[in-house]
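*Asks:* Take this structure first; my questions come after.
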Amino acid sequence: MAVRVTVGNVINKLCESLNNINGESMSNVKVNRRKFLKMLGWGGAGTALAGCDMPTTVTLEEGKEEVVSYLMPEEYVIPGIGVWYASTCTQCEAGCGLHGRVREGRVLKLEGNPDSPINHGNTCLMGQAGVQAHYNPDRITSPMMRKGGSLQNVSWEDAMAELNKRVGSASGLKGEKFGMVTGTVSGHQSVIIDELMSSVGSKNHYVTEVINTSVWSAVCRDMLGDELPKLNFDKAGVVLSFGADFMGTWTTPVHYMGEYAKFRKGKRGALIQIEPKMTLTGANADLWLAANPGTEGALALGVANFILDRGWNLVDVPSGVRKALEQYNLSAVEKVTGIDADKIKRIASMLTERAPALVIAGTSTENHENGYDSVASVMLLNLIMGSVGETIEANSRFPEKSMRAKQGSSKDLLLLAKDLKAKKLDVLFTCNTNPSYSAPAVLQLDEGLSNVGFKVAFSMFPDETTVQADLVLPIFSGMEDWGTHVAAYSAGEPVLSLQQPLMEPLYKETRGFGDLMLSVLKMRGKDFDKFADYYGYIQTAVVNMPASVVGSVSGDHTDMWTNILQTGVIKAKGEKGSLTPKLVEMKYKPKQENAGYPMHLVPSTNLGLWDGRHANLPWLQEAPDQISKVVWGSWAELHPKKASELGLKNGDFVRVTSASGSVEAQVYVHKGIHPDAVAVPVGQGHSEYGRYAKNRGVNPMKILNPLMERRTGELATHATRVTVSSAHQHGKLAQMGGSEVQMGRKFVRTVSADSLRRTEGEV
Amino acid sequence: MQVERKMLHRHLVNRMRGQIRMKTVTIKQILYLSFLAAVVALLPAKSYAELPVPAHITPPPGEHESPIVPQPIEFPHDRHVQDMKINCMYCHTYARRSKVAGIPPTSKCMGCHKVIATDKARIQKLTEYWEKGESPRWKKVHDVPDYVHFSHEKHIRKFVFDADFPVQDVQQVCGVCHGEVRGMTVAEKKEPLNMGFCRRCHEANGGPGDCWKCHK
């Protein structure tokens with residue numbers, strides 16, 4: 001017989017046992033339930049009072065902790081009261097402005113800089129966790145050199161001497177034998193890297209980012225004439241997003257979240273999201289649909305065809321295009337995409353009735369072999385709905401071309417792997433980037449790295465790439481270093497965002513990235529002697545910039561610099577282009593063959609661990625995934641239908657196998673995924689990268705097939721097919737929130753979709 | 001001896017305010033108390049009177065004894081406060097502006113001691129620090145845990161400025177928590193400064209009782 005354990009039962013049991021003790025030796029007073037609870041109450045109060053008068057020696061190390069006064073305080077510094085300094089966030093590439101609260105010489109809290117047109121005073125959770133990267137216990141605190149196979153601490157003198165020997169002007173290093181890997185770079189860092197590349201005479205600057213918008217940018221460039229046009233969410237009545245998680249990981253999430261709030265205010269725009277796995281954006285949508293992965297373009301063309309059929313379009317298309325679209329009739333599209341004809345009609349009517357429309361495409365649409373064609377199909381909807389010039393505008397570009405962002409792509413990751421394999425590189429610099437973690441295993445990037453004679457890692461943490469280096473140079477955190485940043489997406493108002501140190505470096509044996517680059521340039525015989533350090537370089541460079549950049553800042557050079565330090569952003573006079581819509585040739589062909597691998601793998605990303613770079617920040621490990629609520633680990637997301645078909649339930653371990661490898665994770669069953677897809681999040685599965693990240697979860701990037709988007713050469717991260725099989729093991733999934741339903745408690749009141757449609761007059 | 005004297009003082013103050021009801025006073029106790037009073041009166045003693053408790057403050061009962069914490073320089077509070085009549089807030093200048101009272105910056109010490117008492121060993125040690133460009137590494141004596149939000153500024157505002165209490169007598173207010181600093185060399189902790197002590201004072205003096213006022 002099963003025993004039900006309840007609080008009541010436990011109390012009764014306790015009473016019983018107390019009575020037994022009493023019965024034996026103490027008194028004849030029987031303890032009943034009521035008396036026991038009473039006793040507990042008094043006991044609790046007593047404990048609390050005693051706790052109040054606990055000597056503070058229990059909680060404090062009195063007489064041991066030190067308190068050190070200022071030698072000579074600044075006039076405006078008051079201990080205990082924070083001073084806010086402006087800087088720039090370096091947690092992702094969006095370039096949000098920051099204000100950092102500094103107290104007693106230590107940075108304690110980060111908030112958004114209200115003067116920044118990118119984030120308007122807001123930050124995301126990754127920005128908030130910036131302090132944990134800075135104070136991280138796993139930071140590298142001394143230069144290291146490989147000696148006898150292992151990395152050993154060395155002095156800076158020795159490290160720089162070695163660097164000079166290998167890359168200095170006397171080393172004979174020249175040409176394409178030298179390569180440098182970074183993430184997205186902009187501002188003076190970009191300028192100085194360009195200087196270095198030209199001083200060696202190499203073009204091998206690999207700018208790698210796994211989370212990117214390369215395909216979208218390519219289509220925008222070809223069809224509109226602007227790589228990252230300005231998206232006016234606030235002017236749109238309806239947003240149709242094909243897998244663009246603009247509140248999560250697409251382009252500039254904090255900015256778009258603000259724009260989304262404007263879009264929902266007032267007349268309340270409607271959001272339709274088409275994606276194989278529900279993202280944070282999808283969870284906010286009014287209509288969420290999962291088309292068969294890789295067929296999103298067909299759906300877009302189907303909607304376009306229906307709109308043209310009805311004559312709802314605002315802009316006409318050439319007759320050739322019209323004719324080509326005819327094959328995308330409702331029944332054909334329904335068959336290919338798995339989306340009901342009714343739903344297609346509904347999307348078309350929402351786009352029309354709620355115009356102006358904004359149609360965008362992101363990660364899960366871009367990263368297929370036919371990604372370019374799919375995104376081009378999506379863009380066609382913008383053209384026929386007259387969105388161009390209305391909800392999509394030409395963006396203002398930063399006037400100084402050399403300082404504009406070099407946007408990272410996965411194409412460069414593939415290229416790096418290829419060049420390494422071909423033994424093209426003798427010296428490789430890697431800076432704050434981790435290609436060894438991101439590259440699919442079949443690319444054999446690690447083997448390629450071993451072909452490089454001399455690898456230098458400019459790094460804060462012992463990540464997978466850094467531990468393979470021959471020379472490790474520990475660099476400042478984002479809160480210790482100087483820099484300037486120009487966001488790739490300028491939000492219509494291009495700014496130069498200044499990154500200034502919020503505190504003194506924590507570790508004596510770390511150096512600024514810019515300082516190290518200047519040292520290398522001096523080794524190469526470049527004339528940078530007039531700059532003692534990167535600070536001097538930036539200061540001189542910024543105040544001497546043309547009026548198109550610093551024209552808005554008043555004062556002579558000294559005042560100007562002070563003003564810039566205070567505001568953190570310089571509003572530049574942007575170069576505004578114009579959009580020239582034109583159609584591109586589309587060879588759209590949905591790919592459906594599976595060759596024994598029936599499922600689609602979705603390597604999902606979220607605002608948190610991002611591409612895995614934040615797995616070493618405990619706050620972000622602890623922050624539950626926005627959809628699955630899983631913390632500190634990986635999971636494999638399956639549709640309830642598929643789960644029951646495979647006989648799986650929440651917490652069961654499964655093996656996800658592709659032609660290139662397999663990973664094992666626990667199942668999370670959720671309706672927000674295509675029945676033929678399995679989503680494994682990117683971010684975990686580090687073999688290195690400090691105590692919080694190492695040996696935790698799995699990395700789905702490792703099992704990706706080496707498929708490329710056909711037109712842009714990007715890594716088609718969403719094109720890999722897999723099988724899912726039980727690993728015959730079960731465990732409890734580490735998940736916040738025990739239930740997906742409200743258990744009838746009506747925390748969030750809801751109405752049925754039908755009655756809502758009636759009240760909104762849609763039916 | 002000083003401890004006993006202070007306890008007696010507190011006891012008497014509390015009695016006057018009706019905090020302690022004297023239910024039974026035996027002749028023995030009266031004799032003991034008068035003996036104690038006689039001893040106190042006969043002490044070779046410092047040349048100052050008891051530090052009075054300001055009339056608008058009801059000090060919470062509480063006792064604390066802790067060993068004297070050795071400091072890098074044996075700073076004589078008594079010399080500065082009692083003999084030189086320097087106000088607490090002249091050196092602990094942040095007390096009225098911030099949550100912390102602040103250890104005076106070394107530059108403040110040197111403001112006087114560039115010329116005053118330069119022959120003394122302690123000043124020579126201080127000057128050494130100054131010339132090396134360092135501050136002495138003092139040991140914390142008064143502290144509350146990190147999960148307690150205590151603000152000097154709020155307490156000084158309430159008990160000094162808002163109460164129109166003469167600022168020159170501020171040591172009487174400081175003394176409620178910090179004891180009689182004018183009789184000490186290096187600071188000693190004389191009150192428990194734990195939650196019970198805080199709560200009793202808040203109850204007696206109308207301080208806020210919400211948990212989140214201190215545990216933010």
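Each value in this text was obtained by applying a stated rule to the coordinates, not by laboratory testing. Keep in mind that what you see is a predicted model, and the values were worked out from it rather than measured. Here the Cβ positions follow ideal geometry from the backbone for every residue, glycine too, while neighbour counts run over all protein chains shown.
*Asks:* Once you sort the root eigenvalues of the Cα gyration tensor of region A:214-397 as a ≥ b ≥ c, which label holds: rounded (a/c under 1.5), prolate (a/b larger than b/c) or oblate (the other case)?
*Replies:* Taking the square roots of the gyration eigenvalues as a ≥ b ≥ c, region A:214-397 is rounded.
*Asks:* Going toward the positive end of the dipole of the protein assembly as shown, with +1 on Lys and Arg Cβ and -1 on Asp and Glu Cβ, which of A:ILE673, A:LEU98, A:VAL200 do you reach last?
*Replies:* So the residue we want is A:ILE673.
*Asks:* Another one. Across peptide A:70-83, what mean number of C-beta atoms from other chains lies inside 10 Å of a residue's C-beta? Intermediate results must be reported in sequence, preceding the final value.
*Replies:* Values: counts 8, 10, 8, 8, 0, 0, 0, 2, 8, 10, 11, 6, 0, 0.
Partner Cβ neighbours, averaged per residue: 5.
*Asks:* Per-residue ellipticity at 222 nm for chain A, helices alone: DSSP H runs ≥ 4 residues times -39500 (n - 2.57), over residue total, nearest 500 deg cm²/dmol?
*Replies:* -9000 deg cm²/dmol
*Asks:* Which three numbers, in whole Å and largest first, are the semi-axes of the equivalent ellipsoid of region A:394-460 derived from its Cα gyration tensor as √(5λ)?
*Replies:* 27, 14, 11
*Asks:* If you don't mind, there's one more thing I want to ask. What does the charge count around A:GLU176 come to, taking other residues whose C-beta lies under 11 Å from its C-beta (Lys +1, Arg +1, Asp -1, Glu -1)? Spell out each step's value before the answer.
*Replies:* Working: positive: A:LYS174, A:LYS177, A:LYS203, A:LYS424; negative: A:ASP419, A:ASP426.
Value of the local net charge: +2.
*Asks:* Related question: Only four residue types carry charge here, +1 at the Cβ of Lys and Arg and -1 at the Cβ of Asp and Glu. Report the dipole size of chain A about the Cα centre in Debye, rounded to the nearest 20. Display every interim value, and only then the final one.
*Replies:* Numbers: 80 positive and 80 negative charges, 414 e Å.
It comes to approximately 1980 debye.
*Asks:* Considering lysine pairs in region A:214-397 that are 8 or more places apart or on different chains, how many have Cα atoms under 16 Å apart? Please report the intermediate quantities before stating the final value.
*Replies:* On the way: A:LYS230/A:LYS262; A:LYS235/A:LYS262; A:LYS235/A:LYS265; A:LYS235/A:LYS267; A:LYS335/A:LYS343; A:LYS335/A:LYS345.
Final tally of qualifying lysine pairs is 6.
*Asks:* In peptide B:130-137, how many Cβ atoms from other protein chains are near each Cβ within 10 Å, on average?
*Replies:* Taking all residues of B:130-137 together, the mean is 3.
*Asks:* So, by mean Cβ neighbours within 10 angstrom, what's the order for A:139-146, A:467-474 with the highest one leading? Walk me through the numbers before you get to the answer.
*Replies:* On the way: A:139-146: 19.6, A:467-474: 22.5.
Per-residue mean Cβ counts within 10 Å order the peptides as A:467-474, A:139-146.
*Asks:* Also, I was wondering about something else. Shape verdict for region A:599-730, please, from the Cα gyration tensor: rounded (a/c under 1.5), prolate (a/b greater than b/c) or oblate.
*Replies:* Cα axes put region A:599-730 in the oblate bin.
*Asks:* Using the eigenvalues of the Cα gyration tensor, what equivalent ellipsoid semi-axes result for region B:75-204 when each is taken as the square root of five times the eigenvalue, whole Å, largest first?
*Replies:* For region B:75-204, the ellipsoid semi-axes come out as 28, 17, 14 Å.
*Asks:* Round to a whole angstrom and tell me the spacing of the C-alpha centers of region A:600-635 and region A:56-110.
*Replies:* 29 Å
*Asks:* Ordered by packing density, taken as the mean number of other Cβ atoms within 10 Å over each peptide's residues, highest first, how do A:286-298, A:335-347 rank?
*Replies:* A:286-298, A:335-347
*Asks:* Separate question: May I ask for the distance between the Cα centers of region A:521-558 and region A:495-518, given as a whole number of Å?
*Replies:* About 15 Å separates the Cα centre of region A:521-558 from the one of region A:495-518.
*Asks:* Can I ask one more? Alpha carbon centre of region A:708-725 versus region A:409-426: separation in Å?
*Replies:* Computed from Cα coordinates, the inter-centre distance equals 18 Å.
*Asks:* Over all residues in A:262-273, what is the mean tally of Cβ atoms on other chains that come within 10 Å of each residue's Cβ?
*Replies:* Working: counts 0, 0, 0, 0, 0, 0, 0, 0, 0, 0, 0, 0.
Mean number of neighbouring Cβ atoms from other chains: 0.
*Asks:* Quick one: net charge around A:LEU516, please, counting Lys, Arg +1 and Asp, Glu -1 for every other residue with C-beta under 11 Å from its C-beta.
*Replies:* Around A:LEU516, the surrounding residues sum to -1.
*Asks:* State whether region A:453-596 is rounded, prolate or oblate according to the following rule on the C-alpha gyration tensor (a ≥ b ≥ c being the square roots of its eigenvalues): a/c under 1.5 gives rounded; otherwise a/b larger than b/c gives prolate, and the remaining case gives oblate.
*Replies:* Cα axes put region A:453-596 in the oblate bin.
*Asks:* Below 8 Å between Cα atoms, with a sequence gap of 6+, how large is the relative contact order for chain A in percent?
*Replies:* Numbers: 1619 pairs, mean separation 121.4, N = 763.
The normalised contact order for chain A reaches 16 percent.
*Asks:* Another one. What is the packing order of peptides A:647-655, A:55-63, taking the mean over residues of other C-beta atoms within 10 Å and listing the highest first?
*Replies:* Descending mean neighbour count gives A:647-655, A:55-63.
*Asks:* By the scheme Lys and Arg +1, Asp and Glu -1, what is the net charge of all other residues having a beta-carbon under 12 Å from that of A:GLY338?
*Replies:* Taking every Cβ under 12 Å from that of A:GLY338, the sum is -2.
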